[in-house]
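For reference, the structure is listed below as structure tokens.
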Amino acid sequence: MNLQRVRALTVKDLVRVIRDPANLFMLIMLPLVMTLVFGVAFGGIGGGDVQYGVAIVDHDQSVWSGELISGLNDSGILVPWFFEESDGGQDALSQGKVSAVLVIPEGFGASVDEFKSNPIDETAWTVTTLNLSIDQGSMVAGSVVPSLVQQALTVTLYGVEALSPPSPVVIGSPVLVESIKVTQFDNMMPGMFSYAVIFVTMIVSQVFTEERQQGLLKRIAFTPTTASDIFAAQIVSNLITGVFQVSVVMVSSYLMGFRPQGGAAGIGLAYLLSLLLVLCNVGFGLITATLAKSTGAATGLAFVFILPQMMLGSFIPGIPESLSRLVPSYYVTQTLTNVFIRGASATSASSVQNLGLLGVYSLVVVVVGVVLYNRYGNQN
């Protein structure tokens with residue numbers, strides 16, 4: 001392998017990326033656009049406390065119904081929307097404008113007065129039912145809203161002291177611990193570093209397939225350039241673009257409000273993990289180019305390697321870990337989640353273990369890709 005030839009071929013591959021709008025978009029613009037869109041959509045900008053709108057239909061218009069509504073508003077989580085009729089509240093619920101509808105019937109205040117006058121004798125009470133409708137499309141609202149309505153009702157009936165009745169067991173003074181607010185965007189960001197580089201598979205497969213179709217590789221074979229020079233240049237050029245991709249994600253996410261933990265060591269680990277994933281996807285690209293007979297076929301076949309990494313190892317939640325471990329992007333996402341979100345050390349046992357596993361995974365894949373393409377790639 002000649003370093004001068006590797007450098008020349010690396011420059012050639014980088015120029016090719018810069019001059020091809022499709023490749024440039026896939027490698028640079030796609031991570032940038034995805035980061036910005038996810039930042040806006042999932043709370044990177046303007047992310048605040050979650051609140052749920054509750055449509056209030058107050059048919060009672062009493063002092064006690066006003067107390068109940070004040071209690072809901074004081075929770076800081078429920079935001080009352082007022083409607084004169086229940087149909088208006090139900091329409092707002094069906095359109096997704098509110099998360100629940102609370103109908104306070106006429107006689108609610110009288111029931112509270114009767115309870116206050118005689119809190120022991122249940123026969124003296126007039127039972128009143130508050131009608132609560134919940135958005136079935138939101139599991140969170142379904143669990144949060146009823147409990148807060150019940151809390152506000154308890155305070156209305158029994159007073160604030162009812163929330164902390166006398167007890168022989170008490171909770172000690174809480175220790176104040178500074179917490180870090182984490183938005184959905186923050187939780188997704190570790191997976192974005194994986195997502196940014198997995199399309200290298202498609203780029204590499206297209207490059208080798210196109211150059212093979214054009215006869216460029218055969219012409220290079222008649223020069224002093226060796227196969228190792230070509231493969232080394234492809235690896236180096238993609239590692240260089242990988243550095244730009246990670247930098248784009250890092251800078252754009254920071255502008256969107258993402259503040260990773262882990263310090264400089266964590267950021268360095270992100271670059272190292274991402275570049276190992278780039279190396280792995282170069283190998284996947286070579287395997288794809290070995291099988292594909294045209295650039296179109298290479299594009300389609302590349303997704304055999306891209307989609308599993310995207311679905312199992314990036315920012316999509318709820319995937320069984322036993323399946324996620326099968327793809328290399330998992331080790332990047334999991335390690336960066338531990339470091340950036342949970343505050344684990346970049347040199348912790350799990351970080352070093354995942355780094356080692358990804359290194360071995362990438363080395364095996366790239367060696368297999370080089371061997372397969374060197375042996376069978378030029379036969380298509």
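The values are calculated or read from the model by the stated rules, or taken from the named source; none is laboratory data. What you see is a predicted model, and the numbers here were worked out from it, not measured in a lab. Reconstructed Cβ throughout: ideal geometry from the backbone, glycine too, with neighbour counts over all protein chains shown.
Residues that are buried (at least 21 other Cβ atoms within 10 Å of the Cβ), among the small types (G, A, S) and touching a Gly at 6+ places or on another chain (Cβ under 7 Å) within region 316-361 comprise S329, A346, listed in sequence order. Exactly one residue out of S322, S350 is in contact with a helix residue (DSSP H, G or I) (Cβ under 8 Å, 6 or more places away or on another chain) and more than 23 Å from T241 (Cα to Cα): that is S350. Can you say whether L269 is in a helix (DSSP H, G or I), modelled with pLDDT of 85 or more and of a type in the set (A, V, I, L, M, F, W, C), as far as the supplied structure shows? Yes.
In the set (1) more than 22 Å from L372 (Cα to Cα); (2) in contact with a Leu (Cβ under 6 Å, 6 or more places away or on another chain), S237 fails one condition alone, (1).
Only a single item in (1) in contact with a Pro (Cβ under 8 Å, 6 or more places away or on another chain); (2) within 19 Å of I18 (Cα to Cα); (3) hydrophobic (A, V, I, L, M, F, W, C) is not met by C280, and it is number (2).
Can we say D74 is more than 21 Å from S143 (Cα to Cα) and either under 36 Å from the mean Cα position of the chain (by Cα) or surrounded by 18 or more Cβ atoms within 10 Å (Cβ to Cβ) (or both)? Against the criterion (more than 21 Å from S143 (Cα to Cα) and either under 36 Å from the mean Cα position of the chain (by Cα) or surrounded by 18 or more Cβ atoms within 10 Å (Cβ to Cβ) (or both)), D74 does not qualify. Of the helices (runs of 4 or more DSSP H) contained entirely in region 184-223, those carrying at least 2 residues that are within 14 Å of S294 (Cβ to Cβ), modelled with pLDDT of 85 or more and not basic (K, R) fall at 200-213. Can you give me the ranges of the helices (runs of 4 or more DSSP H) entirely in region 1-111 with at least 1 residues that are modelled with pLDDT of 90 or more and in contact with an Asp or Glu (Cβ under 9 Å, 6 or more places away or on another chain)? It comes to 63-74.
G242 satisfies every condition listed in (1) surrounded by fewer than 18 Cβ atoms within 10 Å (Cβ to Cβ); (2) at pLDDT below 90; (3) of a type in the set (G, A, S) except (1).
One line per residue, one yes/no per condition, for (1) acidic (D, E); (2) surrounded by fewer than 19 Cβ atoms within 10 Å (Cβ to Cβ):
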| position | (1), (2) |
| --- | --- |
| V11 | no, yes |
| D20 | yes, yes |
| D58 | yes, no |
| S111 | no, no |
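Considering each residue of region 251-265 in turn, at least one proves to be closer than 25 Å to R19 by Cβ, assigned to a helix (DSSP H, G or I), at pLDDT 85 or above and of a type in the set (G, A, S).
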